[in-house]
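Read-outs: derived from the displayed coordinates by stated rules, not from any lab. Predicted, not measured: the structure shown is a model, and the values here were computed from it. Backbone-built Cβ (ideal geometry, glycine too); neighbour counts: all protein chains shown.
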Amino acid sequence: MDSGGTSESGLGNYVSLAELAAELKVSVQTIYDLRSKGRGPHGFRVGTQLRFRKAEIDAWVERMEQADEQRHAGSAA
């Protein structure tokens, strides 16, 4: 997810929907589906294009990891 470079203003620290899907090796539709269920990353629109801050993607992945750990810990008890 090294698109856009970086800048002091943080304007380059984002990825497109297609880039996010490719990085995670899932379809664009999967990202849309997760977002529609409230389980996807927080993003923002620039015109018609959806963008995601890299920091938000990292936080989202961490939330998914924690939820997965809790799910598995609950089933082991």
Derived scalar couplings ³J(HN,Hα) [the range 43-53; Karplus, 6.51 cos²θ - 1.76 cosθ + 1.60; whole Hz; x for Gly, Pro]:
x, 8, 9, 10, x, 9, 8, 8, 10, 10, 6
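For residue 69 and residue 18, what does the FRET efficiency come to when R0 = 30 Å and r is the distance between their Cβ atoms, rounded to the nearest 0.05?
Approximately 0.55, to the nearest 0.05.
Hey, can you rank 36-47, 64-75 by average C-beta count inside 10 Å, highest first? Walk me through the intermediate numbers first.
Values: 36-47: 11.7, 64-75: 9.8.
Highest to lowest by the protection proxy: 36-47, 64-75.
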